């Protein structure tokens with residue numbers, strides 16, 4: 001079965017593609033379809049934005065569609081300062097990976113050199129039978145103002161995220177550490193949600 005993942009972020013696709021293929025689901029991307037719409041991500045949270053993306057692309061393609069978004073919450077910032085759903089869009093400008101690293105390291109520098117953060121995720125799947133939604137979060141990490149030289153394309157903040165149980169940058173975890181860290185990543189729950197919802 002073919003399912004469209006309404007994202008231009010290759011790292012998001014890589015995260016789920018192999019596990020879904022084992023279950024007979026071919027994950028298509030916008031690049032595969034050579035198709036991209038302008039989506040007005042006006043939702044107040046990750047679920048609302050995921051819903052907007054999934055519905056927009058499902059309506060256009062009639063292919064079962066996954067929409068996903070995430071909010072970034074930083075404990076030390078006021079409500080007005082929270083990145084929320086605008087992790088990449090700062091003052092109306094869409095930042096590339098390097099610009100994001102620069103922006104967030106400056107934010108950390110201006111707030112004492114360390115910020116406690118968590119990701120709140122939302123995923124929505126639209127099919128001809130309606131839609132299903134799932135939300136989860138990932139916390140227990142912090143940002144520092146000195147980035148690792150290593151990069152994970154599509155996930156630039158991995159280069160400034162420190163995972164306390166390893167005292168290492170997320171981007172520098174070895175395979176064994178990644179597996180251990182992934183156990184808290186809800187990947188199995190997300191895969192079950194996708195297979196059940198389509």
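A few remarks follow.
- Restricting attention to region 167-176, the residues that are in contact (Cβ under 8 Å) with a residue 12 or more places away in the chain and in contact with a strand residue (DSSP E or B) (Cβ under 9 Å, 6 or more places away or on another chain) add up to 3.
- Residue match in region 165-174 (condition: at pLDDT below 95, under 16 Å from the mean Cα position of the chain (by Cα) and either loosely packed, with under 15 Cβ neighbours inside 10 Å or not in a helix (DSSP H, G or I) (or both)): no
- Qualifying residue in region 116-133 (condition: assigned to a loop (DSSP other than H, G, I, E, B), over 19 Å from residue 12 (Cβ atoms), in contact with a strand residue (DSSP E or B) (Cβ under 7 Å, 6 or more places away or on another chain) and at pLDDT 95 or above): no
- Of everything listed in (1) out of contact with any strand residue (DSSP E or B) (no Cβ under 9 Å at 6 or more places or on another chain); (2) assigned to a loop (DSSP other than H, G, I, E, B), the single unmet condition for residue 19 is (2).
- Residue 155 in contact (Cβ under 8 Å) with a residue 60 or more places away in the chain, over 19 Å from the mean Cα position of the chain (by Cα) and either farther than 17 Å from residue 115 by Cα or crowded, with 18+ Cβ neighbours inside 10 Å (or both): no
- Against the conditions (1) part of a loop (DSSP other than H, G, I, E, B); (2) more than 26 Å from residue 49 (Cα to Cα); (3) in contact (Cβ under 8 Å) with a residue 12 or more places away in the chain, residue 162 satisfies every one except (1).
- Considering 87, 13, the condition of being in contact with a strand residue (DSSP E or B) (Cβ under 9 Å, 6 or more places away or on another chain), under 30 Å from residue 162 (Cα atoms) and outside any helix (DSSP H, G or I) is satisfied by 87 alone.
- Meets criteria (under 15 Å from residue 122 (Cβ atoms) and modelled with pLDDT of 95 or more) for residue 25: no
- Any hit, region 73-87, residues being modelled with pLDDT of 95 or more and over 23 Å from residue 138 (Cα atoms): no
- Considering residues of region 40-58 that are in contact with a strand residue (DSSP E or B) (Cβ under 9 Å, 6 or more places away or on another chain) and part of a loop (DSSP other than H, G, I, E, B) only, the residue surrounded by the fewest Cβ atoms within 10 Å (Cβ to Cβ): 44
- Residue count for region 22-39 satisfying the condition of being over 20 Å from residue 197 (Cβ atoms), out of contact with any helix residue (DSSP H, G or I) (no Cβ under 8 Å at 6 or more places or on another chain) and surrounded by fewer than 13 Cβ atoms within 10 Å (Cβ to Cβ): 3.
- Output for region 71-82, where each listed residue is surrounded by fewer than 21 Cβ atoms within 10 Å (Cβ to Cβ) and either touching a strand residue (DSSP E or B) at 6+ places or on another chain (Cβ under 7 Å) or closer than 19 Å to residue 156 by Cα (or both): 72, 73, 74, 75, 76, 82
- Every residue from region 40-72 that is within 19 Å of residue 196 (Cβ to Cβ) and either at pLDDT below 95 or in contact with a helix residue (DSSP H, G or I) (Cβ under 9 Å, 6 or more places away or on another chain) (or both): 63, 64, 65, 66, 67, 68
The values are calculated or read from the model by the stated rules, or taken from the named source; none is laboratory data. Bear in mind the structure is a predicted one, so any value in this text is a computation, not a measurement. Neighbour counts are summed over all protein chains in view; Cβ atoms, including those assigned to glycine, are modelled from backbone coordinates with ideal geometry.
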